[in-house]
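Notes follow once the structure below has been shown.
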Amino acid sequence: MAVGTGDGAPGRRSDRLAAGEPGVVERRVFVLATPRTVWATLHDPAATSMLFPEVRLGPASPSWPAAATTRSARAQVGLLRDEARVESLEARPDSRFRLRVTASGFDSEWSWRLEPVSGGTRVIHAATFEPFDRWTGILVRLGRASLASRVETHLRLLKEQAEVAQRAIDQSR
């Protein structure tokens, strides 16, 4: 699998993530909250450490999550600990968010698609993870958390937090 550079060249990881090709883990969940609430929860600075336990995000610039903005992070995937850079690749409020996490030992992309359905939101979350070398792969596997379990954790936590936020909004009306 080629490492994506975000330059749109055919066959790059970002193209495969969008196309749902092999190597991409995708999960879906229904959230009893509006797309706006789900989007706000996904980008709530107070919730990022809980929503993304494998990435400790550094301070955000005022333009975050606008596409092409970056922030520093500390990645903790399995037994691997590494400094990382997080780049927003696509940010369409209330509908789509995609980012890339790059460290010295791996490249990973995550995307969330928000679709309004039946009084709530269907969230489709996809991710890729590619270690650059054998040792990175070993350290990640020793942590016993697969990419699929990380994607499922992201969705479970996002669902819980967004539904709590939506109930608070509904009660304040």
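Overview of values
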{"quantity": "Val140, sole failed condition from (1) buried (at least 20 other Cβ atoms within 10 Å of the Cβ); (2) of a type outside the set (S, T, N, Q); (3) touching a Leu at 6+ places or on another chain (Cβ under 9 Å); (4) part of a strand (DSSP E or B)", "calculated": "(4)"}
{"quantity": "Criterion (among the charged types (D, E, K, R), surrounded by 19 or more Cβ atoms within 10 Å (Cβ to Cβ), under 16 Å from the mean Cα position of the chain (by Cα) and not in a helix (DSSP H, G or I)) met by exactly one of Arg85, Arg150, Arg98, Arg122", "calculated": "Arg98"}
{"quantity": "Members of region 149-173 that are in contact (Cβ under 8 Å) with a residue 24 or more places away in the chain and farther than 18 Å from Gln76 by Cβ", "calculated": "Leu155, Arg156, Leu158, Lys159, Gln161, Ala162, Glu163, Ala165, Gln166, Ile169"}
{"quantity": "Residue among Ser104, Ser88, Ser95 that is in contact with a helix residue (DSSP H, G or I) (Cβ under 7 Å, 6 or more places away or on another chain) and touching a residue at least 24 places away in the same chain (Cβ under 8 Å)", "calculated": "Ser95"}
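Values quoted throughout were computed directly from the atomic coordinates according to the rules given, and no laboratory measurement underlies them. Bear in mind the structure is a predicted one, so any value in this text is a computation, not a measurement. So basically every Cβ, Gly included, is an ideal-geometry build from the backbone, and we count neighbours across all protein chains shown.
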